[in-house]
Amino acid sequence: MEQLITILKLKKKYPLGDTVIEALKGIDLKIYKGDFTAIVGASGSGKSTLLNLIGTIDDPDDGEVYFKDINIFKLNENEKAKFRNEKIGFIFQSFNLIPVLNVLENVKIPLLLNKKLSEQQRTDKAIESLEEVGLKDFVYSTPNKLSGGQRQRVAIARALVNNPEFIIADEPTANLDSKTTMNVIDLMLKLNKEKGVTFLFSTHDEKLMDRVSKIIHIKDGLIL
Ligand code: ADP
Ligand code: MG
């Protein structure tokens, strides 16, 4: 199997008053193309820190992350922004939709940086992505008109709109009821199986853990 992400001795500290919190104490991990992997651990164990570092949302104190053969922390800020935007989709626990924008406009956001696309091409891509998640009839609704599950589907459509190979999802079902959780998992699995999108997500959710190809347990900033 093709190796997609290689993490080597990754460390991250946060200053806290007079002390320092070691959020990640040296993580080594490999993610292969087509994986559907869950990171499982108690609150505070370092899941979000790890996902944010892989997504270049934050910088480590030590260690390396390779995406294929790109050493991502060697990229400058512009290159990182481009990498983040083109190669990775993000899904968050709280959906992170912009309330004053409608569904279509929210999904178009990752396309705005791509100056090669016309406005019509952006719209077409966003609608295609919304079709994929079953929300074509809601393009002009604002997020407050949608249920939690529908909002997370919009976020998934937004994550998909650049056709990324890799999606990072930080507790994607934490704010959803159990039925909606199943729907969202089914959708992510469909994208994994049919489009070959590699997923790495964090969860506490037993329902999700049953369905994944690999589980990684993390505790106090270390993989068990
Ligand atoms: P999880 O996502 O597993 O709940 P986090 O990665 O959010 O864990 O947090 C790991 C540790 O780092 C926790 O002790 C948390 O309090 C601390 N932490 C996370 N982000 C920050 C921050 N921005 N500043 C200070 N401490 C942080
Ligand atoms: Mg977290």
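The values are calculated or read from the model by the stated rules, or taken from the named source; none is laboratory data. Keep in mind it's a predicted model, so treat the numbers as computed, not measured. Ideal geometry is used to build each Cβ from the backbone, glycine not excepted, and the neighbour counts take in all protein chains shown.
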Legend entry - Any helices (runs of 4 or more DSSP H) falling wholly within region 6-113 and containing at least 3 residues that are modelled with pLDDT of 95 or more and within 16 Å of ligand 1 (Cβ to nearest atom): 47-54
Legend entry - Close pairs (8 angstrom Cβ cut-off, 6 or more residues apart or separate chains): among the small types (Gly, Ala, Ser) in region 53-66, surrounded by fewer than 21 Cβ atoms within 10 Å (Cβ to Cβ) and part of a helix (DSSP H, G or I) anywhere: GLY55/ARG84
Inset, instruction - Please go through region 1-58 and pick out each residue that is within 14 Å of the chain's Cα centre (by Cα) and among the small types (Gly, Ala, Ser). - result: ALA38, SER48, GLY55
Legend entry - Selection within region 124-147 - in contact (Cβ under 8 Å) with a residue 40 or more places away in the chain, in a helix (DSSP H, G or I) and crowded, with 16+ Cβ neighbours inside 10 Å: GLU132, PRO143
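Kindly indicate the residue of region 30-43 that is in contact with a helix residue (DSSP H, G or I) (Cβ under 8 Å, 6 or more places away or on another chain) and more than 16 Å from ligand 2 (Cβ to nearest atom) and also nearest to PHE201 (Cα to Cα) among those meeting that condition.
Step one: of region 30-43, the residues in contact with a helix residue (DSSP H, G or I) (Cβ under 8 Å, 6 or more places away or on another chain) are 34, 36, 38-41.
Narrowing further to those that are more than 16 Å from ligand 2 (Cβ to nearest atom): 34, 36.
Values: GLY34: 13, PHE36: 8 Å.
The residue in question is PHE36.
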Inset, instruction - Confirm whether VAL154 is surrounded by 20 or more Cβ atoms within 10 Å (Cβ to Cβ) and either at pLDDT 95 or above or in contact with a Phe, Trp or Tyr (Cβ under 8 Å, 6 or more places away or on another chain) (or both). - result: yes
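So how many residues does region 194-221 have that are in a strand (DSSP E or B) and within 16 Å of ligand 2 (Cβ to nearest atom)? Give the steps one after another, and end with the answer.
Within region 194-221, the first condition is being in a strand (DSSP E or B), and the residues that meet it are 198-203, 214-219.
If we keep only those that are within 16 Å of ligand 2 (Cβ to nearest atom) as well, we get 200-203, 216-219.
Qualifying residue count for the region: 8.
Of everything in region 168-194, what is within 16 Å of ligand 1 (Cβ to nearest atom), buried (at least 18 other Cβ atoms within 10 Å of the Cβ) and more than 24 Å from GLU86 (Cβ to Cβ)? Give them in sequence order. Give the derivation first.
Of region 168-194, the ones within 16 Å of ligand 1 (Cβ to nearest atom) are 168-175.
This time we only want the ones that are buried (at least 18 other Cβ atoms within 10 Å of the Cβ), so: 168-173.
Answer for region 168-194, where residues must be within 16 Å of ligand 1 (Cβ to nearest atom), buried (at least 18 other Cβ atoms within 10 Å of the Cβ) and more than 24 Å from GLU86 (Cβ to Cβ): GLU171, THR173.
Across region 114-123, which residue is nearest to the chain's Cα centre (by Cα) among those that are farther than 28 Å from THR180 by Cβ and not in a loop (DSSP other than H, G, I, E, B)? Write out each step before concluding.
In the first step, residues of region 114-123 are kept if they are farther than 28 Å from THR180 by Cβ; the result is 114-122.
This time we only want the ones that are not in a loop (DSSP other than H, G, I, E, B), so: 119-122.
On the way: GLU119: 25, GLN120: 26, GLN121: 24, ARG122: 21 Å.
Checked region 114-123; the qualifying residue nearest to the chain's Cα centre (by Cα) is ARG122.
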Inset, instruction - Return a yes/no flag: does region 156-176 have any residue that is over 27 Å from GLN3 (Cβ atoms) and more than 16 Å from the chain's Cα centre (by Cα). - result: yes
Inset, instruction - Test each condition in (1) of a type outside the set (S, T, N, Q); (2) at negative phi; (3) in contact (Cβ under 8 Å) with a residue 24 or more places away in the chain for LYS115 and report the one that comes out false. - result: (3)
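Could you please give the count of residues in region 71-107 that are more than 30 Å from LEU130 (Cβ to Cβ) and surrounded by 14 or more Cβ atoms within 10 Å (Cβ to Cβ)?
Of region 71-107, the ones more than 30 Å from LEU130 (Cβ to Cβ) are 71, 73-77.
Within this subset, residues satisfying the condition of being surrounded by 14 or more Cβ atoms within 10 Å (Cβ to Cβ) are 73, 75.
Result for region 71-107: 2.
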